[in-house]
Amino acid sequence: MPDRIATDLLRMARDPATGRIRHRNTLEIGLRAALFAELALNGKLTDHVNAPKVVGEEPTGDRLLDAIRRTVDQRPDVTWRRWFRHVRVDRTALTAELIDGGRWERKPGMRPAYTDTQPEEAQALAYEVNRVARFERSPVDSREAVLTVLAVACGAAVRRPRPTATRRELKPVVDAINHHATQKIVVTASTVMRRARRGAAMGR
């Protein structure tokens, strides 16, 4: 089974030279968006009056995704934008999962850094995402389109986050996401990333 979109995104965000996680603030928004997108693409979440709505009662069998479904179901009036606050918990859970599964190892030191036990996988992901972002090829499916847009927006596979790319040069990739709710998720997340970066710049 392929990894979740969010797991792929987090693995790409690890700097291969230092082992540290790049652009954590925007990445955490991207991880939340990736989890929502996974649910939407699997028919478990939809858009209802600018807010997520759980579809069906059958669990996905994925511990993290099912926890998100339950939380959304308990808070039906929370808008998409508000779901992109307090998102560090997702990165923490995904990191712990990688460590527990033996795919990441914590490096010694005060600042969190990790060794990927299969770094060629993350490098291959980043390579293919950058090919799609440069329009060297089309995304193979909506899942890869989501991963590409979020990776560029949050800076997981590039030098700096470019959330405005979602509405500009990467619009053809967004259009390749053949699902309305999923498009809304990535566009809204990118908007929140842009505002977060602007707020951080003003606070310097």
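The table below gives the values:
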quantity	calculated
Helices (runs of 4 or more DSSP H) completely within the stretch 49-159 that count 1 or more residues being among the basic types (Lys, Arg) and either free of Cβ contacts under 8 Å to residues at least 24 places away in the same chain or farther than 14 Å from Asp8 by Cβ (or both)	63-74, 88-100, 119-133
Options Thr79, Thr71, Thr95; residue that is under 30 Å from Gly19 (Cα atoms) and polar (S, T, N, Q)	Thr95
Hits in the stretch 19-40 - residues which are in contact with a Phe, Trp or Tyr (Cβ under 6 Å, 6 or more places away or on another chain) and hydrophobic (A, V, I, L, M, F, W, C)	Ile29
Flag if Thr26 is modelled with pLDDT under 95 and either in contact with a Lys or Arg (Cβ under 9 Å, 6 or more places away or on another chain) or within 15 Å of Val186 (Cβ to Cβ) (or both)	no
Selection from the stretch 166-193 of residues that are over 22 Å from Thr46 (Cβ atoms), crowded, with 19+ Cβ neighbours inside 10 Å and out of contact with any Ser or Thr (no Cβ under 6 Å at 6 or more places or on another chain)	Leu170
Where a residue in the stretch 181-198 is more than 25 Å from Val54 (Cβ to Cβ) and at pLDDT 95 or above and its partner, wherever it lies, is surrounded by fewer than 19 Cβ atoms within 10 Å (Cβ to Cβ) and of a type in the set (Val, Ile, Thr), with Cβ under 7 Å and at least six apart	none
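The values are calculated or read from the model by the stated rules, or taken from the named source; none is laboratory data. Remember, it's a predicted structure, so these values are computed and weren't measured experimentally. As a convention, Cβ positions derive from the backbone with ideal geometry for all residues, glycine included, and neighbour counts pool all protein chains shown.
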